[in-house]
Amino acid sequence: MTTPTGSPAWTRSAEATVYGGHQNKRDYQAQGVVNPQTDVSAAEFKRLCADLAAVVRVAPFAVVRLSCDDSTPAEPTVHAVFQQTGTTTTDYSGDNPPEGFPAVTRNGDGDVTIAWDADYKDDYGEIAPIAIRFAQASLLGSAAGSVVHEIVDDHTLRLRAFLADGSAAQDAEISIEVWA
Amino acid sequence: MSFGAFCPMPLRLRDSGADGWSAAEFLRTTADLAAAERTVPFAVARVHRDSGATTATLLDYVGRHDESQEPTVSLGLSGELVVTWPDALRDGMGQDRPLRITHATAGVEGATANQWSVEVGPGNVVTLADTGGGELAATIVVHARWGNPVRIEDYGGDPDKRNAATEAVPYAYEWYQELGAALGSAYGQQTRGSVHARRLALSRALAAVSRADERYRCNTVPGTSDALLEDWRQCLAVPASSDDPRWLIRRRCAVKYAARGAASIPELQEQVYQLLGDRFLGIRTFDDPIPGEAWPSDYDLGSGVWASSRSRILVDVKAPADLHDREFSNLVNVHLVRLLDTLTPAWCVFDWTIPGDGFFLDISPLDFTGL
């Protein structure tokens, strides 16, 4: 089996060369496409590689939507996860995540911790660790409020949701994007 | 297309499998890349303000551009964080592209309640203001218009792309086999060593000759032309704007090249469809007045009104989302008219319409002449 070049997308180390877009790539013998309906030129291929590397650099690692359950109280419910390693739109309890998806635990009203695995495999089985670098979270619903986040460690994030008056947002529904 | 030494650039698309990349797979790649590029952020920055609100720092940054060019971070008059990007940034191909920040969102770090706002100002300035005051760390995500909007054509994407039928087995490999056979049994067939290296180099050079021959044949017709496409466009008098992708120019030239006087309405429909694609709804002719038509009664010559409309062809097209769409107007008022002018006989008139309720008013110069 052929091993793909470079490292998985979330390491954000990809350059155009990883995809074959070497700087000096050129059509052989400087001859252009034979048939434009069946061929891809070196220039077009280099552009594809460069733009793909650019997109990979800024694409989020995961986008998560969850709902806190402070009334019971119980662990939050995760509604959807779009992750570079896979997606799910089936609800799951935060303490029972499907393999590869983050666990979410309740700390208090509007206060949750999201924990991912330390490393992940890409579609070819290449393993690379994650290291959370950026995040932003929003409070969903019709009441004004905000969500602050705290990067606990390389794969753990803590979220706290507040209403406009500064009180903890009970049963908050939160959407978060994470770059790891 | 295959990969490796026997398949130098340009890539030739062919059936997939272990060593190929099919046209369908390639088009999916270009489409998804273009789609992703439209929605992913332009840049993500992690910024920091110290507790005394005296220092602003860029802690971390990723961007789609050459990352040696980072934005600057400063503090506003009220302690807000101000991030400024330059007017142009270099891409991975070394090209400077103009930049205009259009959207910004932010996420604030912390353990206590805070509220914040983000503003995009002129000059690619993004300002983050919060109510908490004091030390602040936040992630700012920006989206931007960076150079021209992405198009599949930038990557060679083309709705008419197909698998190559001619180089199913790479020319270079065929030559390699020929050279090996010509060497005879005195030489080994191992894929290493100087004999192999010389065979490989020679076979690649001879493949370039084979490809040159095929390229010549492809350029003799506009539908598969690339090197001579501009010459074809001028020869066929096909207008084109600087925005038109090459595949569209190629398609229009091919339609014009194939256009001939249509002997029947079905032939006419086929050729008009080649030009309009899914905008084409149908063609109507008017042998007799149809419901909804208003005929001037003064022109009644007895057994039905004779008018130039009897030799009229009406092309029904699908309305665009924006009736002021420049591209649509160019398509139906320039390219379609020129094509119909070529296809229809001299005694026939034609027009296009967006079908719907209403009536057609026939104001023919012949009718006025009759007055």
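The values are calculated or read from the model by the stated rules, or taken from the named source; none is laboratory data. This one's a predicted model, so the numbers in the text were calculated from it and none came from an experiment. Ideal geometry is used to build each Cβ from the backbone, glycine not excepted, and the neighbour counts take in all protein chains shown.
Computed quantities for the displayed model
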{"item": "Qualifying residue in region B:113-124 (condition: hydroxyl-bearing (S, T, Y), farther than 30 Å from B:D213 by Cα and more than 13 Å from every other protein chain (Cβ to nearest Cβ))", "result": "no"}
{"item": "Those residues of region B:314-334 which are assigned to a helix (DSSP H, G or I) and without any contact (Cβ under 8 Å) to a residue 60 or more places away in the chain, in sequence order", "result": "B:R326, B:E327, B:F328, B:S329, B:L331, B:V332, B:N333"}
{"item": "Members of region B:48-85 that are small (G, A, S), under 20 Å from B:D130 (Cα atoms) and buried (at least 17 other Cβ atoms within 10 Å of the Cβ)", "result": "B:A53, B:A56"}
{"item": "Number of the exception - A:C49 against (1) within 16 Å of the chain's Cα centre (by Cα); (2) under 22 Å from B:D32 (Cβ atoms); (3) surrounded by 14 or more Cβ atoms within 10 Å (Cβ to Cβ)", "result": "(1)"}
{"item": "Filter result for B:T102 (modelled with pLDDT under 90 and more than 30 Å from B:E167 (Cα to Cα))", "result": "yes"}
{"item": "Hits in region B:335-352 (condition: assigned to a helix (DSSP H, G or I) and either in contact (Cβ under 8 Å) with a residue 12 or more places away in the chain or within 24 Å of the chain's Cα centre (by Cα) (or both))", "result": "B:H335, B:L336, B:V337, B:R338, B:L339, B:L340, B:T342, B:L343"}
{"item": "Flag if A:G125 is farther than 13 Å from A:Q170 by Cα, modelled with pLDDT under 95 and touching a Gly at 6+ places or on another chain (Cβ under 8 Å)", "result": "no"}
{"item": "Residue tally, condition in contact (Cβ under 8 Å) with a residue 24 or more places away in the chain and within 17 Å of A:D27 (Cα to Cα), over region B:227-238", "result": "0"}
{"item": "Matching residues in region A:169-180 - criterion: being at the interface with another protein chain (Cβ under 8 Å from one of its Cβ atoms) and polar (S, T, N, Q)", "result": "none"}
{"item": "Hits in region A:2-15 (condition: more than 7 Å from chain B (Cβ to nearest Cβ) and touching a residue at least 40 places away in the same chain (Cβ under 8 Å))", "result": "A:T3, A:P4, A:S7, A:P8, A:A9, A:W10, A:T11, A:A14"}
{"item": "Condition broken by B:T139, with the remaining ones in (1) of a type outside the set (A, V, I, L, M, F, W, C); (2) more than 17 Å from A:R158 (Cα to Cα); (3) touching a Gly at 6+ places or on another chain (Cβ under 8 Å) satisfied", "result": "(2)"}
{"item": "Elements of type strands (runs of 3 or more DSSP E) in region B:31-112, at least 1 residues being within 9 Å of another protein chain (Cβ to nearest Cβ)", "result": "B:43-49, B:56-63, B:96-108"}
{"item": "Total residues in region A:130-168, condition within 9 Å of chain B (Cβ to nearest Cβ), part of a loop (DSSP other than H, G, I, E, B) and in contact (Cβ under 8 Å) with a residue 40 or more places away in the chain", "result": "1"}
{"item": "Condition broken by B:D19, with the remaining ones in (1) assigned to a strand (DSSP E or B); (2) within 14 Å of chain A (Cβ to nearest Cβ) satisfied", "result": "(1)"}
{"item": "Candidates A:T105, A:T72, A:T85 - the one that is of a type in the set (V, I, T), free of Cβ contacts under 8 Å to residues at least 24 places away in the same chain and more than 14 Å from chain B (Cβ to nearest Cβ)", "result": "A:T72"}
{"item": "Answer residue from region A:85-96, given it is hydroxyl-bearing (S, T, Y) and closer than 21 Å to A:K121 by Cα and is surrounded by the most Cβ atoms within 10 Å (Cβ to Cβ) among those", "result": "A:T85"}
{"item": "Residue satisfying all of: in region B:151-172; in contact (Cβ under 8 Å) with a residue 24 or more places away in the chain and surrounded by fewer than 19 Cβ atoms within 10 Å (Cβ to Cβ); nearest to B:S194 (Cα to Cα) among these", "result": "B:A168"}
{"item": "Check on A:K25, surrounded by fewer than 18 Cβ atoms within 10 Å (Cβ to Cβ) and either among the charged types (D, E, K, R) or at pLDDT 90 or above (or both)", "result": "yes"}
{"item": "Flag for A:F82 being closer than 23 Å to B:T105 by Cα and surrounded by fewer than 16 Cβ atoms within 10 Å (Cβ to Cβ)", "result": "yes"}
{"item": "Pair list, Cβ under 6 Å, 6 or more apart: region B:208-221 residue without any contact (Cβ under 8 Å) to a residue 60 or more places away in the chain, other residue surrounded by 19 or more Cβ atoms within 10 Å (Cβ to Cβ)", "result": "B:S210/B:Y171; B:R211/A:V34; B:E214/A:V34; B:R215/A:V34; B:C218/A:N35; B:C218/B:T224; B:N219/B:S225"}
{"item": "Selection within region A:137-169 - within 30 Å of A:P4 (Cβ to Cβ) and crowded, with 22+ Cβ neighbours inside 10 Å", "result": "A:L157"}
{"item": "Extreme residue, nearest to the chain's Cα centre (by Cα), among residues of region B:222-267 that are at pLDDT below 90 and of a type in the set (K, R)", "result": "B:K256"}
{"item": "Residue pairs meeting the criteria (Cβ under 9 Å; at least 6 apart or on separate chains; first at positive phi and within 7 Å of another protein chain (Cβ to nearest Cβ), in region A:16-42; second crowded, with 17+ Cβ neighbours inside 10 Å and polar (S, T, N, Q))", "result": "none"}
